[in-house]
Amino acid sequence: MTIAIATIGMLSATTLATGLLLAFTPYLMRRNECFAVTVPASAQNDPRLVALKKRYALVMSVLAAIATVASLAAGVLLVSGRDSSGVTLLCAALFVPLIASFALMLRNRKKVAELKRAEGWQTQRQQATALAAEEDLPKALPLTWNLLYIPVILATIALGLALYPSMPDMLPMHADFAGNVNEYVPKTIGSAIGFPVLIEAFLAACMMVSHWMILRSKRHADPNAPATSALAYGLFARAESAFLLVAGILVSAGIGVVFLLSSAGFMELGQAAALIIILCIPIVIGSIALSVIYGQAGSRVFKRMQASDELLADDDEHWKLGIFYFNKEDASVFLPKRFGVGWTINFSRPAAWAVVIGFAAITAAFLVAVFTLVE
């Protein structure tokens, strides 16, 4: 019952939070962008753009409510053993809002682009942005902070070695959504200790790559307010990197410890899964809170920046479908998203594809190692 309640609660809370974040995404974007189209900052007050954002938010809020109810129903189906129906309904609850958000963004992007042409919102002169010295601006935490994952992994190994003698010959490895164990594996060093350590190491690698992306990203700066926007972006990058580090350590440590405790019989595997799910709730809430407080690239840090009628930079031609960036003349591999909170890649750079392929290879190696350890 514990894991059932935790599963249903986590699914519904995550679906609702994600849906509401999607609904209010247009209000989190930079002042000189609207639905992935570059516009003068002062145009954000244009009644036509205001109406587009309000309609988008209303439609997505309704979809978020429907998806939340659907995820609740999916959770009930899953814990009652109707896995096929539950998984299908859950996938619909999670992916339909995402697809709808993208479709609405494209529709509104077309309308904003038409309005931009009709109003003549074009750059009269492209202006490069002069920034203060890099060392004078706040930035993401240094990558060396990720060394904190090492003591977490070492502590997991030490705890595993201490508990190993008391573990049963057959270890619980998988439970259904109701918390009933349905798969056991023989006890070995690999299945008892190597498995949780491998998961921690993989999570640490994923978080380190994400942290590295933030550090290597192009620093956003608005030509109309270069110093202020660069400062805001630095604060945003620092907050996101710090949160990424804390969240990664908590989740990886939590997974390792509760798996070992369940293997040693101190708790049921279903209870361990429930604890991990509960641990993820404040992380989801924290991620959304950061998005609302800082906005994309720090757009909400200084809300009183003067709105300008002048358009000093316009790179709409390089954004395909509003989310895919292709610019061979831009040496940057990573940069802030155009619609959504976070970062994306410059798909025209070979280095970007090397990162994608490399990460896919690491993931594949991780899956092979997992299956090898638990055979």
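Data for the structure
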{"read-out": "log₁₀ of I(q)/I(0) at q = 0.14, 0.17 Å⁻¹ - segment 333-375, Debye sum with one point per alpha carbon", "value": "-0.48, -0.60"}
{"read-out": "Total charge dipole magnitude, segment 169-271, about the Cα centre, Cβ charges on Lys, Arg, Asp, Glu only, Debye to nearest 20", "value": "560 debye"}
{"read-out": "Solvent-accessible surface ranking, highest first, for Phe266, Phe334, Phe24, Phe339 at 1.4 angstrom", "value": "Phe266, Phe24, Phe339, Phe334"}
{"read-out": "Beta bridges by DSSP in the chain, antiparallel share as percent, to the nearest 5", "value": "90 percent"}
{"read-out": "Debye equation applied to the C-alpha atoms of the chain, log10 I(q)/I(0) at 0.07 Å⁻¹", "value": "-0.38"}
{"read-out": "Accessible area of the chain divided out per residue, in Å², using a probe of 1.4 angstrom", "value": "49 Å²"}
{"read-out": "Charge tally in the Cβ shell below 10 Å around Trp343, where Lys, Arg are +1 and Asp, Glu are -1, Trp343 excluded", "value": "+2"}
{"read-out": "Dipole of the chain, positive direction: furthest Cα of Gly340, Met173, Val197, with charges on the beta-carbon", "value": "Gly340"}
{"read-out": "For peptides 147-157, 218-228, sequence by mean Cβ density within 10 Å, most packed first", "value": "218-228, 147-157"}
{"read-out": "Set of lysines near Lys139 by C-alpha distance (under 19 Å), chain-local residues within fewer than 8 positions excluded", "value": "Lys218, Lys337"}
{"read-out": "Lys, Arg +1 and Asp, Glu -1 on Cβ, resulting dipole of segment 228-353 about Cα centre, debye, nearest 20", "value": "300 debye"}
{"read-out": "Protection proxy ranking, peptides 58-69, 348-359, average beta carbon neighbours within 10 Å, highest first", "value": "58-69, 348-359"}
{"read-out": "Given charges at beta-carbon only (K, R positive; D, E negative), |dipole| of the chain in Debye", "value": "1160 debye"}
{"read-out": "Spherically averaged projected area of segment 238-375 from its Cα convex hull (nm²)", "value": "12.0 nm²"}
{"read-out": "Neighbour net charge for Ser332 - beta-carbon separation under 12 angstrom, K R +1, D E -1", "value": "+2"}
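The values are calculated or read from the model by the stated rules, or taken from the named source; none is laboratory data. Keep in mind it's a predicted model, so treat the numbers as computed, not measured. Reconstructed Cβ throughout: ideal geometry from the backbone, glycine too, with neighbour counts over all protein chains shown. Please note that ligands, DNA and RNA were not included when accessible areas were found on the heavy atoms of the full protein model with its side chains. Shrake-Rupley method; radii C 1.70, N 1.55, O 1.52, S 1.80 Å.
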